[in-house]
Amino acid sequence: MVKERKFYDLLDVPVDASESDLKKAYRKKALRLHPDKGGDPELFKEVTHAYEVLSDPQKREIYDARGEAGLSESGGMGGMDPQDLFSQLFGGGGFFGGGGGGGRSNAQRRSKDLVHRVHVSLEDLYKGKTTKLALTRNVICTKCDGKGGKEGAIRSCHVCHGRGVKVTLRQMGPMIQQLQSPCDECAGTGEIINHKDKCKACNARKVISEKKMLEVHIDKGMKGGQTIQFTGESDQAPGIPPGDVIIVIEEKPHERFKRNENDLVTEVEIDLLTALGGGQFAIKHLDDRVLLVSIAPGEVIKHDDFKVIYGQGMPSQRHHDFGDLYVRFTIAWPEHIPVENIPLLESALPPRRPIEKFPSNIIIDEVSLDNVDPRQRDRAQRDEQMEEDEGEPRVQCANQ
């Protein structure tokens, strides 16, 4: 449910339109309304502003909840020039012969974000951890204050006239498209500096490399895929603010535990006596504690049984409570049992199942079991798998 539909109606899209749907709708409307094609300039601006808001997830959330008034209160009404947004989407200074852009786009408001992936153990996600991350980034050269050379030695490129791009025209049916590419003469900077006047520290690059050490705090209960953001710590460049450094948490697989949100799952092998007669077993937890788990005498644990220990899972980031620990049991059977102990088993266990009664005309042969040769077992398993595959229905192609 949205408070206002005006921006959606301007683009002729439903309120649940995807990012791809929004872009398609804007391209279609912007081409029709562009002033270079005789469209309505004011309506073109309104459609462009609507797309700018709805294509930004944060602005769209505010607009859906509180409308245009909410955008004004949050400072989200400002935006790029409609021509710049149009040029950004269509890859040129203008799409029609009139040339709508006429210069370098201001769409890039800051430098690119730097993304680093940090592989973290389940133990560290359980207990929390502070680690240091070393990165190399570009910073403004202090020798020339980001100018690239001596004061007054920098002049505008005569090839691109300081725009940093060269424009080529391409005929597309009845339309002429303007395409922009970096200027070869000035390497896209729009400026020319004589070699003798270049800054010796940065060689006219305006930036130099710097090693930066970031302290990364991994909170208890964080999950793989979550991010930690360092605002303004990305590459610096003259004239634009730096982007962010974004740390992406990658959760390492664990040898004893599997994680499901805030729950943990582990597999425990117990001996047959403990499974039948009760006893205790230990689980070493992620914070170096040991959980001593008791099985009550008389409670029978079966192979593949699933039990739970409440409150011993992963910590929750928000509420400081814990998930649960699930235990899957496997039973270690003894290799052999002394014959003299069998009467004790017969007295403790339920009686054997009686053999089925057969008619008198059925011939009964008594046989014994032998161990299977490993090669025979592998061959038998392959044959069984082939029979299962042959039993599956086959899909055939039919000519339409």
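Brief remarks on what is shown
- Within-13-Å neighbourhood charge of Val115 [Cβ basis; K, R +1; D, E -1]: -2
- Local charge for Ile283 was computed over the other residues whose Cβ lies under 10 Å away, with Lys and Arg +1 and Asp and Glu -1, and equals +3.
- Distance from the range 225-252 to the range 266-341 (C-alpha centre basis), Å: 43 Å
- In terms of other Cβ atoms within 10 Å, Phe44, Phe358, Phe329, Phe281 run from fewest to most in the order Phe358, Phe281, Phe329, Phe44.
- Environment charge at Ala204 (Cβ cut-off 15 Å; Lys +1, Arg +1, Asp -1, Glu -1): +4
- Among His254, Ser234, Pro297 - extreme Cα towards positive end, dipole of the range 211-364, charges at beta-carbon: Pro297
- Note on Asp370 and Glu250: their simple-model spin labels are 5.3 nm apart, each label 7 Å out from Cα toward Cβ.
- Restraint check, Lys147/Lys212; Lys24/Lys59; Lys143/Lys211; Lys6/Lys223; Lys3/Lys28; Lys6/Lys112, Cα-Cα greater than 29 Å: Lys6/Lys223; Lys6/Lys112
- Taking 0.36 nm per residue of separation and subtracting the Cα-Cα distance, full extension of the segment from Ile363 to Glu269 would add 29.5 nm.
Every number in this text was worked out from the coordinates using simple rules, so none of it is lab data. All figures in this text were calculated on a predicted structure; none of them were measured in a lab. Neighbour counts are summed over all protein chains in view; Cβ atoms, including those assigned to glycine, are modelled from backbone coordinates with ideal geometry.
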